[in-house]
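Q: Below is one structure. I have some questions about it.
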Amino acid sequence: MNIQENNQGIYRQIAEFGIEQVLNGEWADGERIPSVRQLAADVGVNPNTVMHAYDYLKSLAIIETQRGKGFFVAEKGRKAAISLRQQSFLEEELPRLRKNLELLQIGAEELLLLLFPPSIIK
């Protein structure tokens, strides 16, 4: 994971990394995830920053704490991550895409062909 210089806080970048790990199956439901200290060392940040990211992921029901054992992906963590990303896509990205399609005069049929070329539909 690489921390980027942008307007998104470091803890949010770490949280987004965690969400990506859950979505792509690197961190599976019920599986233990790296400790705060381990991830902080890997990323090169203060452990408090990772703890803040983990608290955020806990608030989203993506991860949970098991007392004395550490942090784990929640049993429905992947489902929560998918729901979060779907909501974000529908509220933020889709309107931006719709506007760009209109500005660039790309119609629905052309978009469908770009997304699903006949060569992959076979």
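The values are calculated or read from the model by the stated rules, or taken from the named source; none is laboratory data. The structure displayed is predicted, hence computed values, not measured ones. Backbone-built Cβ (ideal geometry, glycine too); neighbour counts: all protein chains shown. Side chains included, ligands, DNA and RNA excluded: accessible areas come from the protein's heavy atoms. Shrake-Rupley method; radii C 1.70, N 1.55, O 1.52, S 1.80 Å.
Q: Please give the Cα centre distance for the range 66-122 versus the range 1-61, rounded to the nearest Å.
A: 21
Q: Right, something else. Using a probe of 1.4 angstrom, how much of the accessible area of the chain is carbon and sulfur, in percent?
A: Carbon and sulfur atoms account for 51 percent of the accessible area of the chain.
Q: Here's another thing I want to ask about it. What is the gain in length, in nm to one decimal, between residue 84 and residue 48 on full extension, counting 0.36 nm per residue of separation less the C-alpha to C-alpha distance?
A: 10.5 nm
Q: Here is a further query. To the nearest 500 deg cm²/dmol, what mean residue ellipticity at 222 nm is calculated for the chain from DSSP H runs of n ≥ 4 alone, each contributing -39,500 (n - 2.57), summed and divided by the residues?
A: That comes out to -16500 deg cm²/dmol.
Q: Moving on. How long is the gain from residue 119 to residue 60 if the chain were fully straight, where each residue apart is worth 0.36 nm and the alpha carbon distance is subtracted?
A: Answer, rounded to one decimal: 17.3 nm.
Q: For the range 36-122, report the accessible area per residue in Å² (1.4 Å probe, heavy atoms, rounded to an integer).
A: Heavy-atom accessible area per residue stands at 75 Å².
Q: Oh, and also: Given a Förster distance of 30 Å, report the FRET efficiency between residue 26 and residue 94 from their Cβ-Cβ distance, rounded to the nearest 0.05.
A: 0.70
Q: Using the Karplus curve 6.51 cos²θ - 1.76 cosθ + 1.60 with θ = phi - 60°, work out ³J(HN,Hα) for each residue of the range 24-32 in order, rounded to whole Hz, and write x for Gly and Pro.
A: Result, rounded to whole Hz: 8, x, 5, 10, 8, 3, x, 8, 6.
Q: For the pair residue 69 and residue 3, what calculated FRET efficiency results from E = 1/(1 + (r/R0)^6), where r is the Cβ-Cβ distance and R0 = 41 Å, to the nearest 0.05?
A: E between residue 3 and residue 69, to the nearest 0.05, is 0.90.
Q: Only Cα pairs within less than 10 Å get springs; with that Gaussian network setup on the chain, which residue of 102, 31, 75 has the largest fluctuation?
A: The residue that fluctuates most here is 102.
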